[in-house]
1. List, please: which pairs have Cβ atoms under 6 Å, are six or more places apart or on different chains, and start with a residue in the range 56-83 that is within 24 Å of residue 125 (Cβ to Cβ) and open to solvent by 60 Å² or more (accessible area, probe 1.4 Å) and end with one that is modelled with pLDDT of 85 or more and small (Gly, Ala, Ser)?
2. Can you confirm whether residue 95 is of a type in the set (Asp, Glu), in a strand (DSSP E or B) and crowded, with 16+ Cβ neighbours inside 10 Å?
3. Tell me whether the range 131-154 contains one or more residues that are hydroxyl-bearing (Ser, Thr, Tyr) and at pLDDT 85 or above.
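The values are calculated or read from the model by the stated rules, or taken from the named source; none is laboratory data. None of these values were measured; they are calculated from a predicted model. Cβ: placed from backbone, ideal geometry, glycine included. Neighbour counts: every protein chain shown. Only protein heavy atoms, including side chains, enter the accessible area calculation; ligands, DNA and RNA are left aside. Shrake-Rupley method; radii C 1.70, N 1.55, O 1.52, S 1.80 Å.
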Amino acid sequence: MNFQFVKQWATIGFLSLAVISALTQYSQAQQASRFASFYCGTDNGKAATIADHPIRGKITLIIWESEYFIKAGYDPQRRCREVSDNFEKFQQTGDLSKIVPGRANNQPVLCAIGSLNNYTGKCPSSNVLMTLIPGDNAQGMVNQIGELNLKDSVDPLKHSASIFEQYGDIKTINIDAMLKYSPPTK
């Protein structure tokens with residue numbers, strides 16, 4: 001009788017742990033699915049960095065056409081893969097909260113940062129989202145990516161106000177807000 005009692009409680013304890021474990025995994029999966037994932041896909045036959053948002057669907061962020069970096073070994077497809085991987089990496093680490101213009105290694109870049117605290121425009125090399133072509137206007141690129149949100153939006157003024165943030169002289173994109181309101185890729 002004592003053995004049966006122990007066996008019952010062991011079974012109840014095991015089942016309780018299994019339920020708690022399953023609920024924890026479900027909760028973690030739910031939290032992870034609140035954010036977009038990023039990958040290199042195609043848009044009209046061209047390499048494209050695409051955000052797959054859990055609510056909004058697929059949103060094309062960048063279509064890779066420039067062949068400027070080919071001599072350095074980066075054709076549009078390779079740039080797409082590497083930059084898309086950067087988007088995904090920064091999303092996973094929590095550093096894709098903001099996309100800001102910056103400079104790294106004396107080149108214009110787009111920089112992924114989690115917070116604007118103490119940001120000076122100099123992007124740490126570990127936070128470079130993508131290197132731009134020399135002479136490109138990094139602020140203009142931030143604006144251009146942000147405007148993707150506006151093209152087919154029902155209420156662009158509302159969405160515009162929610163995705164751009166000003167930090168001194170620098171206009172930044174709140175990427176989470178942008179993806180929340182961006183129209184899906186057609």
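1. From residues that are within 24 Å of residue 125 (Cβ to Cβ) and open to solvent by 60 Å² or more (accessible area, probe 1.4 Å), the pairs are 77/47.
2. Considered against the rule, which asks whether it is of a type in the set (Asp, Glu), in a strand (DSSP E or B) and crowded, with 16+ Cβ neighbours inside 10 Å, residue 95 comes out as no.
3. So far as the range 131-154 goes, yes, one or more of its residues are hydroxyl-bearing (Ser, Thr, Tyr) and at pLDDT 85 or above.
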